[in-house]
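Colleague: One structure, pasted below without further comment.
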Amino acid sequence: MKPEELEIKAAAEVAKQQAFDARLVCCSSTGCQSSGASEIIANLKAELKARQLDTKVQVSGTGCMGLCSKGPLIRMTSKTQKDILFSDIKPEMAAVVIDRVVAPVLGGATIESPDGELETHFLDLDEPFFTMQDRIVLENNGRSDPEKLEEYLAHGGYQGLRKALTMSAEEICKELLDSGLRGRGGAGFPTGLKWDLTRKVQSDVKYVICNGDEGDPGAFMDRSVLEGDPHAVIEGMLIAARAMNSTNGVFYIRAEYPLAVERVEKALRQARAAGLVGKNILDSGWAFDFEIRLGAGAFVCGEETALIASVEGKRGTPRPRPPFPAVKGLWGFPTCVNNVETLANVSRILLRGAPWFAGKGTEKSKGTKVFALTGKIKNNGLVEVPMGITLREIVETIGGGTGTERKVKAIQTGGPSGGMIPEHQFDTPMSYEHLQKLGSMMGSGGLIVIDDKDSVIELARFYLDFCVDESCGKCAPCRIGGTQILKMLDRIVDGTGTTEDIRKIRKVAKAMQKASLCALGQTAPNPILSALKHFESEFTERLQPVETAKA
Amino acid sequence: MSTPIDVTTTVKVAAPKAAPKAAPAPKDEIIALAQKWKKKRGSLIMALHDLQGRLGYVPRESAMKLGRAMDVPLARIYEVVTFYNYFKLEAPGKYIISVCTGTACHIKGSNQLLKGLEKELHVSEGQSTPDKEYHLQGVRCLGCCGLAPLAAVNGKVYGKLDTSESHYLIERIQEDKPMVAAREEIAAE
């Protein structure tokens, strides 16, 4: 494909969509699929055909629209009326949706307030849940069909790559550095800097790896991006490859995400056929291709050296750094591992410019972040918000609080590597630096809300148990330390713990943080330490009575 | 808790063909897949995914054949298979009930759900019923946290479950004709 053809194809797709009077998009991500999204799409098509409206209304699937607990969601856009979002739609409701809303709107009516059967199936798009979000990574979710390359092109797809092909590797790295984008997998290393380090290493072979091994239990941002906008990640990897003069690309995706794998495979096939991946990309003479490798259920493989070992077909155990993967990575060649969400930001930054991206967020945390908001929260789902928004705005305004009579007690950010933040600190802005100051971390984007009935000890134990189970066993501080803390914690839960146990937990935790080989062991004590810091009384209440008296 | 991850969500094959008495795959099938992956460097894990996708688990005999065909020592194969949660060494039951034990599900009572199912099926987590009809397992986050608590049965997700009504889940599995039909279709292929 020649670069100019991108516009021609995009224009053709826009014209095709505009020929329809209305468009119905149904969420087709894993969650909504399980609630019958495919049947809904099929039924909508059949019912429209039966009413001879299939030439007027387009039906398609789309990526996650966010409010997963109210799925399947359908969004209707039309030329005459404000967008409508339907929730909790069942396959057998297709006819009602068409007769009560779609057909009247086509006939010129304006649907203000829903009635009858659909009364409880409307969502107000003016709710803060929608209006307070700022979507960059998720911008195509809810408007494009992830399975169609043309729809991605219609929204400026692969234009970032086109621009990258006119820039030098150094210029691309500089643009990324200026944008302030930091790794979205958790650690927050500046992406431009990481690329620049890899770029400077001389080698005939260099790898770019997309880390899609989303292991944090309670997080599904990367799944949603891979399922909802696979081309954005592919484009981001192509640009990364240009910036580092890389020669090979690898997608490493969790095997537990079959739909994400399927969508990426499909997108790669489409991109190859269109000349966007493979030989002579966009008629530039440049060649680059990808292979897909599947994870097999090991949390530690989120760590880059462990991930590289896994791509090599070995046990996923980390190794000491340096040498960093930028110097010696996959098969001994320079390698750059980037997270899915990081890569999905790239083409947009290149297209709209670093100042646009750097204009969002705080001084040290730029842009937006996608969060999976779950637990005891009313609006359960996926949100993308600008950095710097307060935790309270996320939990109370966007999330709507617990949705029950119970009060929010704390949130856990960063999954098993993060910490608990009590409600009285919710006015903290969401940023890498602020969360770190509170003893937690940004992590990949899991936000678990607990209410005043939930026990922090129980949650800390859950995470520690997870880390003990997932420890690869290579280094002693993580392998032994985790198990020992878990034992002491179990004593406290049983009521046989002593103040000595609490003292030792802190001591062992410190050793783990300092001496573990990789981030899994270094961060595993975070949940328990933060629980002790903010809710120590919950622990002391459960100690042996005698000991408590002595203390 | 040992948590083997849902085998049925493998990429190429929607559900494993594994019958309880699953005979090892025909020799040529294993050799074919070994040859397919042997050319690609470091593809042992992919070959094992392929194998498990066909058989539902990694039988020792098949692992030995695969190793010979790929020039990989059996010890290396076992080293990998036992490291990753996803790979199974024993044949699972017909209906693999994977209760998600991710954080969101945990907070919403996945433990009670798992205990209820244990009681209902008279098995412990990680075991199959004697008739090999059901296999119960706790698995890592399935990424559908908005539907917590949830369980996946042969890859199909049942969300927003009531933790006190585990019997209802089993009834739903039995009644879920489309899923059974899909499995039979695969078996017939």
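The values are calculated or read from the model by the stated rules, or taken from the named source; none is laboratory data. Predicted, not measured: the structure shown is a model, and the values here were computed from it. Ideal geometry is used to build each Cβ from the backbone, glycine not excepted, and the neighbour counts take in all protein chains shown.
Colleague: Being among the polar types (S, T, N, Q) and within 12 Å of chain B (Cβ to nearest Cβ) is the filter here; which residues of region A:277-316 pass it?
Modeller: Within region A:277-316, A:S310 is the sole residue that qualifies.
Colleague: Does A:S347 satisfy being surrounded by 21 or more Cβ atoms within 10 Å (Cβ to Cβ), hydroxyl-bearing (S, T, Y) and more than 14 Å from every other protein chain (Cβ to nearest Cβ)?
Modeller: yes
Colleague: Counting only residues that are in contact (Cβ under 8 Å) with a residue 40 or more places away in the chain and over 19 Å from the mean Cα position of the chain (by Cα), how many does region A:337-352 have?
Modeller: The qualifying residues number 2.
Yes/no per residue for (1) among the aromatic types (F, W, Y); (2) within 22 Å of A:E47 (Cα to Cα):
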{"site": "A:V97", "(1), (2)": "no, yes"}
{"site": "A:I111", "(1), (2)": "no, yes"}
{"site": "A:F130", "(1), (2)": "yes, no"}
{"site": "A:R135", "(1), (2)": "no, no"}
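Colleague: Would you say A:L53 is part of a loop (DSSP other than H, G, I, E, B), more than 11 Å from chain B (Cβ to nearest Cβ), in contact (Cβ under 8 Å) with a residue 24 or more places away in the chain and more than 26 Å from the chain's Cα centre (by Cα)?
Modeller: Against the criterion (part of a loop (DSSP other than H, G, I, E, B), more than 11 Å from chain B (Cβ to nearest Cβ), in contact (Cβ under 8 Å) with a residue 24 or more places away in the chain and more than 26 Å from the chain's Cα centre (by Cα)), A:L53 qualifies.
Colleague: Right, here's the next one. Among the residues of region A:23-50 satisfying the criterion of being in contact with a Leu (Cβ under 8 Å, 6 or more places away or on another chain) and assigned to a strand (DSSP E or B), which is nearest to the other protein chains (Cβ to nearest Cβ)?
Modeller: A:C27
Colleague: Looking at A:G375, is it within 11 Å of chain B (Cβ to nearest Cβ), in contact (Cβ under 8 Å) with a residue 60 or more places away in the chain and closer than 18 Å to B:G146 by Cβ?
Modeller: Considered against the rule, which asks whether it is within 11 Å of chain B (Cβ to nearest Cβ), in contact (Cβ under 8 Å) with a residue 60 or more places away in the chain and closer than 18 Å to B:G146 by Cβ, A:G375 comes out as yes.
Colleague: Provide a single number: the residues in region B:90-109 that are touching a helix residue (DSSP H, G or I) at 6+ places or on another chain (Cβ under 9 Å) and within 14 Å of chain A (Cβ to nearest Cβ).
Modeller: 11
Colleague: Within region A:538-546, is even one residue among the aliphatic types (A, V, I, L, M) and either surrounded by 22 or more Cβ atoms within 10 Å (Cβ to Cβ) or more than 20 Å from A:S417 (Cβ to Cβ) (or both)?
Modeller: yes
Colleague: Within region A:154-184, how many residues are touching an Asp or Glu at 6+ places or on another chain (Cβ under 6 Å) and either over 17 Å from A:L343 (Cβ atoms) or among the β-branched types (V, I, T) (or both)?
Modeller: The qualifying residues number 1.
Matching residues to (1) part of a loop (DSSP other than H, G, I, E, B); (2) of a type in the set (V, I, T); (3) in contact (Cβ under 8 Å) with a residue 12 or more places away in the chain; (4) closer than 20 Å to A:E256 by Cβ:
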{"site": "A:G285", "(1), (2), (3), (4)": "yes, no, no, no"}
{"site": "A:G297", "(1), (2), (3), (4)": "yes, no, yes, yes"}
{"site": "A:A306", "(1), (2), (3), (4)": "no, no, yes, yes"}
{"site": "A:R319", "(1), (2), (3), (4)": "yes, no, yes, no"}
{"site": "A:P323", "(1), (2), (3), (4)": "yes, no, no, no"}
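Colleague: Consider A:I480 carefully, then state whether it is surrounded by 20 or more Cβ atoms within 10 Å (Cβ to Cβ), β-branched (V, I, T) and assigned by TED's automatic domain parsing to the domain that holds A:L529.
Modeller: Judged against the criteria, A:I480 is not a match.
Colleague: Could you go through region A:254-270 and let me know if any residue there is under 25 Å from the mean Cα position of the chain (by Cα) and over 26 Å from B:C144 (Cα atoms).
Modeller: yes
Colleague: Just to be sure, is A:G156 buried (at least 20 other Cβ atoms within 10 Å of the Cβ), of a type in the set (G, A, S) and touching a residue at least 12 places away in the same chain (Cβ under 8 Å)?
Modeller: Judged against the criteria, A:G156 is not a match.
Colleague: Can I ask one more? Pick from region A:255-276 the residues that are within 14 Å of chain B (Cβ to nearest Cβ) and in a loop (DSSP other than H, G, I, E, B): which of them is nearest to A:W331 (Cα to Cα)?
Modeller: Of everything passing the filter in region A:255-276, A:A255 is nearest to A:W331 (Cα to Cα).
Colleague: Evaluate the following for A:R184: is it of a type in the set (K, R), in a helix (DSSP H, G or I) and away from chain B (no Cβ under 14 Å)?
Modeller: No: the conditions fail for A:R184.
Colleague: Here are the criteria: (1) without any contact (Cβ under 8 Å) to a residue 24 or more places away in the chain; (2) within 14 Å of chain A (Cβ to nearest Cβ). Tell me which single one B:Y84 does not satisfy.
Modeller: With respect to (1) without any contact (Cβ under 8 Å) to a residue 24 or more places away in the chain; (2) within 14 Å of chain A (Cβ to nearest Cβ), B:Y84 is out only on (1).
Colleague: Across region A:404-418, what is the number of residues that are under 18 Å from A:D451 (Cβ atoms) and in contact with a Leu (Cβ under 8 Å, 6 or more places away or on another chain)?
Modeller: The number of residues fulfilling the criteria is 3.
Colleague: Now a separate question. Being charged (D, E, K, R), in contact with an Asp or Glu (Cβ under 8 Å, 6 or more places away or on another chain) and either more than 10 Å from chain A (Cβ to nearest Cβ) or in contact (Cβ under 8 Å) with a residue 24 or more places away in the chain (or both) is the filter here, so list the residues in region B:35-69 that pass it.
Modeller: B:K36, B:K38, B:R54 - these are the residues of region B:35-69 that are charged (D, E, K, R), in contact with an Asp or Glu (Cβ under 8 Å, 6 or more places away or on another chain) and either more than 10 Å from chain A (Cβ to nearest Cβ) or in contact (Cβ under 8 Å) with a residue 24 or more places away in the chain (or both).
Colleague: On to the next question. Only one of (1) in a loop (DSSP other than H, G, I, E, B); (2) within 14 Å of chain B (Cβ to nearest Cβ) fails for A:D427. Which number is that?
Modeller: Here A:D427 meets the rest and fails (2).
Colleague: Can I ask one more? Which one is nearest to A:S455 (Cα to Cα) among residues in region B:111-137 that are surrounded by 24 or more Cβ atoms within 10 Å (Cβ to Cβ) and within 14 Å of chain A (Cβ to nearest Cβ)?
Modeller: B:L114
Colleague: Select from region A:367-390 the residues that are over 18 Å from A:R135 (Cα atoms) and either touching a His at 6+ places or on another chain (Cβ under 7 Å) or not basic (K, R) (or both) and list them in ascending order.
Modeller: A:T374, A:G375, A:I377
Quick grid of which residues meet (1) in a helix (DSSP H, G or I); (2) of a type in the set (D, E); (3) surrounded by fewer than 23 Cβ atoms within 10 Å (Cβ to Cβ):
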position: A:C64; (1), (2), (3): no, no, no
position: A:P72; (1), (2), (3): no, no, no
position: A:R75; (1), (2), (3): no, no, yes
position: A:I89; (1), (2), (3): no, no, no
position: A:V97; (1), (2), (3): yes, no, no
position: A:V101; (1), (2), (3): yes, no, no
position: A:P114; (1), (2), (3): no, no, yes
position: A:V137; (1), (2), (3): no, no, no
position: A:D145; (1), (2), (3): no, yes, yes
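Colleague: Scan region A:372-393 and tell me whether some residue there is part of a helix (DSSP H, G or I) and closer than 24 Å to A:G31 by Cα.
Modeller: The answer is no, given that none of the residues of region A:372-393 is part of a helix (DSSP H, G or I) and closer than 24 Å to A:G31 by Cα.
Colleague: Let me ask you something else. Please count how many residues of region A:517-535 are closer than 20 Å to A:G316 by Cα and touching a Lys or Arg at 6+ places or on another chain (Cβ under 9 Å).
Modeller: Count: 4.
Colleague: Now a separate question. Out of everything in region A:202-222 that is part of a loop (DSSP other than H, G, I, E, B) and farther than 17 Å from A:G295 by Cα, what residue ends up being farthest from the other protein chains (Cβ to nearest Cβ)?
Modeller: Looking at residues that are part of a loop (DSSP other than H, G, I, E, B) and farther than 17 Å from A:G295 by Cα, I get A:Q202.
Colleague: I'd like to know if region B:161-169 contains one or more residues that are within 29 Å of A:G445 (Cβ to Cβ), assigned by TED's automatic domain parsing to the domain that holds B:K108 and surrounded by fewer than 21 Cβ atoms within 10 Å (Cβ to Cβ).
Modeller: Yes - at least one qualifying residue is present in region B:161-169.
Colleague: For A:G375, state whether it is within 20 Å of the chain's Cα centre (by Cα) and at pLDDT below 95.
Modeller: Yes; evaluated as a whole, the condition is true for this residue.
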